[in-house]
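Below you'll find the structure I mean.
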Amino acid sequence: MAFLKWVLLIFTLHSFMPTPISSNLSLNKEALAQIPLNFLEFSKKPEIMDWMVNIRRKIYENRELGYEEFETSKLIRAELDLMGIPYKYPIAATGVVGYIGTGKPPFVALRADMDALAMEELVEWEHKSKVPGKMHACGHDAHVAMLLGAAKMLQHNQNDLQGTVVLIFQPAEEGGGGAKIMLDEGALDNVDAVFALHVTARVPIGMVASRPGPISAAMGFFEAVINGKGGHAAIPQHTVDPILAASNVIVSLQHLVSREADPLDSQVVSIAKFQGGGAFNVIPDSVTIGGTFRAFSKESFLQLRQRIEEVISKQASVQRCNATVIFDERSMYPVNSNNKELHEHFRKVAGEILGFENIIEMQPQMGGEDFAFFSESIPGLFFFLGMKETEGAVHSGHSPYFRVNEDVFPYGAALHASLATTYLLQNPTKHISPPEVSYRDEL
């Protein structure tokens, strides 16, 4: 693939030619526009497509939960070794960070999550899970395959990259906060921008969806134990009823959104767990409730957290009970917000590959995504890659019937490679003394 050399030649020659600036920009735009199309053509080759599909199916059959992705990580490292791509391992227990290019700034990162879900697969096909009770029901196996596909194309053009592409294979997105651990362990050191995709069965294949600003909400989980005094249900005057207290708590928690939040500031408080008692005629000593809360700003999220604890404790005391509230710190994700400049870059690249009419500006969603730790730290862009087929039932992520449309792989790989390559071309380093990255394989 010599198209990057052609692009660089145009950039170089026109920087010295006495032509008008508008002419330079026109030629440069033409050269940049060709990069995504060439990557797409390359990724559609049968040998590349079949290779990505094979990788995805291997991961699918041997799915692993968060921080347990040892075999998945081993497969990724083996493929990187075959491509001659250096990497760091382990990061966040099972994570892998690869490097392609000069080893110098600018640095741009591409991220794929690796973990499966603890659920039983109900799809009958030849590559069904070999691990009972675990399933790739969110497409992370496809994310890994597409990022490896992009890596193969980028490595083929490594000498033409105007900086360094960082490949992030991340563990434990599903509630484990793997992105936060990778961030703490230096996965994004020196990185200027980071991109990630997520497959979705809600958008037709050949289309993508994203938006500037908040794209997914800050989220957290909490659990509360409300303690009273149990006894016979026929003589409630001798008890302190924690079920009544918990019921009042749940009703009061709904007022946090309906009466305390700005109606234009979307928030959610949902109780999805209620455990207490085991007999029809016995009031229990305690009740456990649990739920989730979401918001689209850090301020609203922290306010919700504070008020949830206050409401549970004080409403319990009104009913003569006491309560202990526990927040799951590892499951706390910040708002996932897309950088406006990176979103515009994404629109241009996706428009060249798919056509601008196939880019959807979506509404923010209340689902959480730990890529938010990355986009909170440095400029980031998260987008959804459509894979909905024209016929057949649609099963969204986290369904036991979830299936990946493998025809989407060339689009995902080409988008990854194009976003990184064109970003490096358009964002030359601003460092005076660029630091070099030292690579080390830790096997």
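The values are calculated or read from the model by the stated rules, or taken from the named source; none is laboratory data. Predicted, not measured: the structure shown is a model, and the values here were computed from it. All Cβ positions, glycine included, derive from the backbone under ideal geometry; neighbour counts span all protein chains shown. SASA here: full protein model, heavy atoms, side chains in, ligands and nucleic acids out. Shrake-Rupley method; radii C 1.70, N 1.55, O 1.52, S 1.80 Å.
For Gly163, list long-range residues whose amide hydrogen, built 1.01 Å from N in the peptide plane, is under 5 Å from its own amide hydrogen.
So Gly163 has HN proximity to Thr102.
If we count every other residue with Cβ under 13 angstrom of Phe301's Cβ, Lys/Arg +1 and Asp/Glu -1, where does the sum land? Show your work: numbers first, answer last.
Numbers: positive: Arg294, Lys298, Arg305, Arg307; negative: Asp265, Glu299, Glu376.
Overall, the nearby charge balance is +1.
Sticking with this structure for a sec: Peptides 211-218, 192-199: what's the order by average Cβ count within 10 Å, highest mean first?
Ranking, from highest mean packing down: 192-199, 211-218.
With θ set to phi - 60° and the Karplus curve 6.51 cos²θ - 1.76 cosθ + 1.60, what are the ³J(HN,Hα) couplings of region 362-373 in order, to the nearest whole Hz, using x for Gly and Pro?
Result, rounded to whole Hz: 7, 7, x, 10, 7, x, x, 8, 6, 4, 4, 5.
Please list the non-local residues whose amide H lies under 5 Å from the amide H of Asn405, H modeled 1.01 Å from N, same-chain partners needing a gap of 5 or more.
Placed amide hydrogens put nothing under 5 Å from Asn405.
Decide, for region 285-338, between rounded, prolate and oblate: order the square roots of the alpha carbon gyration tensor eigenvalues as a ≥ b ≥ c, take rounded if a/c falls under 1.5, and otherwise choose prolate if a/b is larger than b/c, else oblate.
On the way: a/c = 3.74, a/b = 2.16, b/c = 1.73.
Prolate, because a/c is 1.5 or more and a/b exceeds b/c.
Roll a 1.4 angstrom probe over the protein heavy atoms and tell me the percent of accessible area of region 218-333 that is carbon or sulfur.
54 percent
For region 413-420, just list the computed ³J(HN,Hα) in residue order, Karplus coefficients 6.51, -1.76 and 1.60, θ = phi - 60°, integers in Hz, with x standing in for Gly and Pro.
5, 5, 5, 3, 4, 5, 4, 5
From the backbone phi of region 276-285, what are the Karplus-calculated ³J(HN,Hα) couplings (6.51 cos²θ - 1.76 cosθ + 1.60, θ = phi - 60°) in whole Hz, Gly and Pro given as x?
Values per residue, Gly and Pro as x: x, x, x, 9, 6, 10, 10, 7, x, 6 Hz.
With n ≥ 4 as the cut-off for DSSP H runs, can you work out [θ] at 222 nm for the chain, using -39500 (n - 2.57) per run divided by the number of residues, rounded to the nearest 500?
Helices in the chain give a 222 nm mean residue ellipticity of -12000 deg cm²/dmol.
Can you tally the net charge around Thr292? Count Lys and Arg as +1, Asp and Glu as -1, for every other residue whose Cβ sits under 13 Å from the Cβ of Thr292.
Neighbourhood net charge equals +1.
What does the charge count around Gln319 come to, taking other residues whose C-beta lies under 13 Å from its C-beta (Lys +1, Arg +1, Asp -1, Glu -1)?
Working: positive: Lys229, Lys314, Arg320; negative: Asp241.
Net local charge, Gln319 excluded: +2.
Under the definition of Cα pairs under 8 Å and six or more residues apart, what whole-number percent is the relative contact order of region 218-333?
44 percent
Hey, can you grab everything whose amide H is under 5 Å from the amide H of Asp285? Only 5+ residues off in sequence or another chain; H modelled, so Pro and N-termini drop out.
For Asp285, the qualifying residues are Gly230.
Also, I was wondering about something else. If I take R0 = 25 Å and measure r between the Cβ atoms of Ser270 and Phe356 in this structure, what FRET efficiency does the formula 1/(1 + (r/R0)^6) give, to the nearest 0.05?
That gives a FRET efficiency of 0.10.
Can you work out the accessible area per residue across the chain, with the rest of the protein chains kept in place, probe 1.4 Å, in square angstrom?
That works out to 44 Å² per residue.
What distance in nm separates the two pseudo spin-label positions at Lys29 and Glu344, each 7 Å out from Cα along the beta-carbon direction?
With each label point 7 Å from Cα toward Cβ, the separation is 1.3 nm.
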